[in-house]
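Engineer: Take a look at the following structure, please.
The values are calculated or read from the model by the stated rules, or taken from the named source; none is laboratory data. From a predicted model like this one, the values you see are computed outputs, not experimental measurements. Every residue, glycine as well, gets a Cβ built from its backbone with ideal geometry; the counts of neighbours run over all protein chains shown. Only protein heavy atoms, including side chains, enter the accessible area calculation; ligands, DNA and RNA are left aside. Shrake-Rupley method; radii C 1.70, N 1.55, O 1.52, S 1.80 Å.
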Protein chains: 2
Amino acid sequence: MRTGIATVCLSGTLKEKMQACAIAGFDGIEIFEQDLVTSPLSPEEVRKMAADLGLGLDLYQPFRDFDGVTPDLLKANLKRAEAKFNLMERLGMDTILVCSNVATATIDDDHLRAEQLAELAALAGDHGVKVAYEALAWGKYVNDYEHAYRLVEMVDHPNLGTCLDSFHILSRDWDTAPIENINAEKIFFVQVADAPKLSMDVLSWSRHYRVFPGEGQFELAKFMGHVVRAGYTGPVSLEVFNDVFRQSDVERTAVDAMRSLIWLEEQSAKWLASTALETGTAAGNGSASRRRYPMELATLPKVNEPAGFNFAEVKADDTAQLEKLLGQLGFEFEGRHRTKDVQLWTMGQARVIINEQAAQHAEPAIAALGFDVDSPVIASARAQQLKAPVVARKVQADEEVFQGISAPDSTEIFLCQGSPDGTAAWTHEFGEGLEHAGAGQTAVIDHVNLAQPWQHFDEAVLFYTSALALEPQPFAEVPSPSGLVRSQVMQTGNKAVRLVLNLAPAQQAEKARKTYQEHIAFAVDDLVATARGARDRGLEFLQIPANYYEDLDARFDLEPGFLATLKELNLLYDRDASGEFLHFYTATVGSVFFEMVERRGNYDGYGAPNAPVRHAVQYDSLHRV
Amino acid sequence: MRTGIATVCLSGTLKEKMQACAIAGFDGIEIFEQDLVTSPLSPEEVRKMAADLGLGLDLYQPFRDFDGVTPDLLKANLKRAEAKFNLMERLGMDTILVCSNVATATIDDDHLRAEQLAELAALAGDHGVKVAYEALAWGKYVNDYEHAYRLVEMVDHPNLGTCLDSFHILSRDWDTAPIENINAEKIFFVQVADAPKLSMDVLSWSRHYRVFPGEGQFELAKFMGHVVRAGYTGPVSLEVFNDVFRQSDVERTAVDAMRSLIWLEEQSAKWLASTALETGTAAGNGSASRRRYPMELATLPKVNEPAGFNFAEVKADDTAQLEKLLGQLGFEFEGRHRTKDVQLWTMGQARVIINEQAAQHAEPAIAALGFDVDSPVIASARAQQLKAPVVARKVQADEEVFQGISAPDSTEIFLCQGSPDGTAAWTHEFGEGLEHAGAGQTAVIDHVNLAQPWQHFDEAVLFYTSALALEPQPFAEVPSPSGLVRSQVMQTGNKAVRLVLNLAPAQQAEKARKTYQEHIAFAVDDLVATARGARDRGLEFLQIPANYYEDLDARFDLEPGFLATLKELNLLYDRDASGEFLHFYTATVGSVFFEMVERRGNYDGYGAPNAPVRHAVQYDSLHRV
């Protein structure tokens, strides 16, 4: 699959954008007109730079408001087009995107439109230019890709074809199956964009909220499957207008973009294989079914979803507070690593590593997470092919080699060899006889809550989806005293791994990194007993206001003794149709706190109704300090 | 008019919110339940604090999903209500907001709803509580205020009335005139919120984008006029869910909120007076028509829109660069002030003050703007009643006293005595014979472009609307290499004053204040001559890329000689149906640059199609340094 990206997706100057696209590994780019117009580079310099960088200049765009106009306007439009065709010659480009008219069209007549497009195609032919005509979702008269293709068929000129853009098609809920009926020679270009499903006007949605494939909710693998089945072999190029990407670091966004296409390529091949099986149109063999299409789809090393958390790692210059908290919660200190300055603490199968190798004065923070995977080497190879940055860790002979990658928020993610009994072999490095520590005990890491910088929230969703096979859940918003907190759960189908990605309000983010708190939650069988034990060991609980318990009683009509226990121990409570949830929080040290939870029945949430209480009390304690 | 605000409008803890509301001068507040539930203050402590602060506790809210339910659920809901009634007793509150059911209603039957509301009203009566029933715009069965009122009438119980919320009514485009048919005794509460007109689902619109009156596009004066005519005399209270306000400084947001109610009160009185005149239902005398209604509406000192800019002031520690730029542009140095370290530079009627009294190492920046008003004293009194912070300036005997206020972005705004010939009397303080400097010459300040911090963008719109009688125009978005720039023009009807408020992308805002550039634009009669003169004096123009002129030619088909002149002098060009616009920019010093413009015909814009070029070239020069 030939990969491409429109320069409008990225921040910076044209030069910065082109360099970033080359570094990220794109085959080609679309030049967004405004990026050229505002550039000090001449067309010849752009052409040379692209050649030097090994980037194809695949599409010049957009040419707007051409068709369905009065004769006078047509004449002016053809003159305008000719100027652009001359410019393209200097750039060494051969394809231009012409969007269906949104503003100046006054005549709704397919024959007239076809005549005018035929004139454009003839002029384009004289300049060796191919015109890719695209139906915009909000086109005045032409807003449906099948309509645009009918016009292309009516004109029937070698220099006129169509451009398919997933946003314009999927935002309008057009059926994508008829793409297969399009003559592949007439598909001059394919643009892809994902988007969250929002109920707003399609123009605003398109101009601000598009995201890269895998970061939204569109069925892009299906769209691409139909495109591949049609026989298309040209560029598959990202055109994503996004307010955040336009403000973010250009090189990083380009890598995120490239990752999305690599992932989309794999998903499209999967979709094709699965539908081939379903419909029996090919042999049951996936690769055989793929080989039937002219477009080659690369795949990635396969991984299953992680079986669980292997460990969580916290880090500090002075680790005393972390040790104290874990000890009070009931964790056991298992020992120090034989060569590194790290400690192992466990409760059942929940393993926490306290890393003492932090920078001077570094406050306690979450540093790394380990996940149990079938094959760390294969999972790591996949992540690297998805352009995840590798994390290097020193290892001594006969120590387990951790395969590490860096998540968008810089948390280190380690891909570890899981074991059926939930133990971890590397624990013996902390002392003899620890290989099976925790076997049979039920405490586990329930979920981890990580703060995400606003520039990398969408990137994080794609990272965990593509590299770790986690599935994004519908996102929630939680009120806090300093603003709404966007909360995105990513989890495995078996719920053994749950990550909560929180996007903090800008004020919090600006103030200081550490004011935004992250946490690790552990699940136990008997939360009341755990809380009692912790209280007896002197744990500083997050103090829950009395008003909360009154409201709880009004909402749930609880048994008085139970309510008194909750209140006595600062426990929070939630209930839904599937079960109950009890939990408590510790005070915060540095930017970390811990949570203990008990899930009763099939309760599947995180006590979301209690989150505002947590935020308010934490805010209050921060501001009192 | 009794003023109120819901605690959910503001950031912080309940205590912080209450203090801010008292400081801003609100009569009362609505307690949003979650703010109480998450507070460490007991109900009794909240009650005492409110009494100490002189704040009424006017509404407890919200109570959700009561009506239209099955008998079992009704029983649970009544129990839940009773717990809240008991709580309200401890708080010393007597009114609760009950929203129409959005989630649990299963029976769409007015008789059943009325029966259930009657049960609630009876229970409320036992506790001395008044229930204000409100139709939410997205209520499952009840989403229209007239429907809610019909239910109140059916129940006909002294403890059941209705709550009117401008958002729920205006977002659905319900006609507001029938409000006058509601029995005022049955209107227990009125909530007001403004909003920009957005085409998105009403729930998201409501939860994220509400703004304070005067900051959006709803016809709130008309809404309030009908409420006043109905005979309502209770609190008029802000309920504004806004993502930005929730993150902003609580005291400042409370003042912004209070300003919006003071302004709304005046606008409502005006609307009543104007409709009384139109319909002849009252004497032509405004105050007589106001006195007909039980609610007293305070008014403000009246001001007309400013007649023009009086001056602009730039400030720096080292002013050499500013002096050089102004001199090169053709400004004349008129002299130094006789007692202050400031210089006066003029070109025609465009007056620029260079202030040398900046902090050490302070880079050049826009510091102040002066506006010609009919009466500086009255305009200042109005601004102060609108809670604009006063700016003090030292004056000597026989110097003009400047009435100054501070805009939300800290720019100092001075209200100056205008004169019919466009001169300024204070100029004699810079030298004899300068009183009439520039009379008859045509150069003027055309517009000023100010960067707004994201937390105070909406506040700025209300500030200039209410204190200076500027009118907000539809806002635009301009692409720049570091993100989209939101651009809000505020201007007078006669176009003599034009302010452009720009909201910079967050990345720019984070990096450094000074990377976001502001400018002053001057209009001249002959831009080409001005540019030639400036070039001859060695001005460093903002360098416009050659690609721009090619695109310009493709778009406008310009006369070759004219195009060559534009290119030679780095001039930008725009044209629309009403006229033409020529302009150029200087290089930037500190955070300031200057623009020279020529308006031909009735061209009324700012060369918006050229703004991306300006941003790109400025970005490029910043990044090259």
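Engineer: Report yes if some residue within the range A:56-73 is within 14 Å of A:G28 (Cα to Cα), free of Cβ contacts under 8 Å to residues at least 24 places away in the same chain, part of a helix (DSSP H, G or I) and open to solvent by 10 Å² or more (accessible area, probe 1.4 Å); otherwise report no.
Structural biologist: no
Engineer: May I pose another question? Answer with yes or no whether B:R513 is more than 18 Å from B:A587 (Cβ to Cβ), at pLDDT 90 or above and in the same structural domain as B:F463 (by TED's automatic domain parsing).
Structural biologist: no
Engineer: Looking at A:A124, is it more than 14 Å from every other protein chain (Cβ to nearest Cβ), open to solvent by less than 10 Å² (accessible area, probe 1.4 Å) and assigned to a loop (DSSP other than H, G, I, E, B)?
Structural biologist: Judged against the criteria, A:A124 is not a match.
Engineer: Okay, next question. Filter the range A:23-55 down to the residues that are open to solvent by 10 Å² or more (accessible area, probe 1.4 Å) and among the charged types (D, E, K, R), then identify the one that is farthest from the other protein chains (Cβ to nearest Cβ).
Structural biologist: Across the range A:23-55, the extreme among qualifying residues is A:D27.
Engineer: Give the residues of the range B:366-407 that are buried (at least 21 other Cβ atoms within 10 Å of the Cβ) and farther than 20 Å from B:V303 by Cα, sorted by residue number.
Structural biologist: B:I366, B:A368
Engineer: Does any residue of the range B:84-96 turn out to be within 14 Å of chain A (Cβ to nearest Cβ), of a type in the set (S, T, N, Q) and outside any loop (DSSP other than H, G, I, E, B)?
Structural biologist: Checking the range B:84-96: at least one residue is within 14 Å of chain A (Cβ to nearest Cβ), of a type in the set (S, T, N, Q) and outside any loop (DSSP other than H, G, I, E, B).
Engineer: Going through B:A383, B:A367 one at a time, which residue ends up being of a type in the set (G, A, S) and under 30 Å from B:G231 (Cα atoms)?
Structural biologist: The match here is B:A383.
Engineer: Follow-up question, since we're still on this one. I'd like to check which strands (runs of 3 or more DSSP E) are fully inside the range A:511-625 and have at least 1 residues that are within 14 Å of another protein chain (Cβ to nearest Cβ).
Structural biologist: Output list reads A:572-576, A:579-585.
Engineer: Test A:E146 against the stated conditions and say whether it is over 26 Å from A:R207 (Cβ atoms) and open to solvent by 30 Å² or more (accessible area, probe 1.4 Å).
Structural biologist: The answer is no for A:E146.
Engineer: Within the range A:1-22, can you find the residues that are assigned to a strand (DSSP E or B) and within 14 Å of chain B (Cβ to nearest Cβ)?
Structural biologist: Matches in the range A:1-22: A:A6 only.
Engineer: So which residues in the range A:370-392 are touching a Lys or Arg at 6+ places or on another chain (Cβ under 9 Å) and assigned to a loop (DSSP other than H, G, I, E, B)?
Structural biologist: Result: A:L386, A:K387, A:A388.
Engineer: Right, next: Looking only at helices (runs of 4 or more DSSP H) that lie completely in the range A:138-244, which have at least 3 residues being more than 16 Å from A:M1 (Cβ to Cβ)?
Structural biologist: Once the helices (runs of 4 or more DSSP H) in the range A:138-244 are filtered for at least 3 residues that are more than 16 Å from A:M1 (Cβ to Cβ), what remains is A:145-155, A:166-170, A:202-209.
Engineer: Return the residue satisfying two criteria in turn: it lies in the range A:612-625 and is among the hydrophobic types (A, V, I, L, M, F, W, C) and buried (at least 21 other Cβ atoms within 10 Å of the Cβ), and of such residues it is nearest to A:N547 (Cα to Cα).
Structural biologist: Residue satisfying both the conditions and the ranking: A:V613.
Engineer: So the check is Cβ under 7 Å with 6+ separation or different chains; which pairs have a first residue in the range A:414-427 that's without any contact (Cβ under 8 Å) to a residue 60 or more places away in the chain and a second one that's in a loop (DSSP other than H, G, I, E, B) and of a type in the set (G, A, S)?
Structural biologist: Hits for this filter: A:D421/A:A439; A:A425/A:S419.
Engineer: Contact list please: Cβ distance under 6 Å, first residue in the range A:142-161 and modelled with pLDDT of 95 or more, second residue outside any loop (DSSP other than H, G, I, E, B) and of a type in the set (D, E, K, R), pairs at least six apart or on different chains.
Structural biologist: A:L151/A:R113; A:V152/A:K186; A:N159/A:K130; A:G161/A:K186
Engineer: Suppose we keep only residues that are under 27 Å from A:S380 (Cα atoms) and within 14 Å of chain B (Cβ to nearest Cβ) within the range A:454-501. Which one would you say is least open to solvent (accessible area, probe 1.4 Å)?
Structural biologist: Of everything passing the filter in the range A:454-501, A:F457 is least open to solvent (accessible area, probe 1.4 Å).
Engineer: For the range B:227-249, which positions are surrounded by fewer than 23 Cβ atoms within 10 Å (Cβ to Cβ) and either free of Cβ contacts under 8 Å to residues at least 12 places away in the same chain or of a type outside the set (S, T, N, Q) (or both)?
Structural biologist: B:R229, B:A230, B:G231, B:G234, B:F241, B:D243, B:V244, B:D249
Engineer: Looking at (1) at pLDDT below 95; (2) assigned to a helix (DSSP H, G or I); (3) over 18 Å from A:F594 (Cβ atoms), which is the one condition that is false for A:V461?
Structural biologist: All conditions are met except number (1).
Engineer: Still on this structure, I have one more. Which condition number does A:H208 fail, the rest of (1) open to solvent by 20 Å² or more (accessible area, probe 1.4 Å); (2) under 16 Å from the mean Cα position of the chain (by Cα) being met?
Structural biologist: (2)
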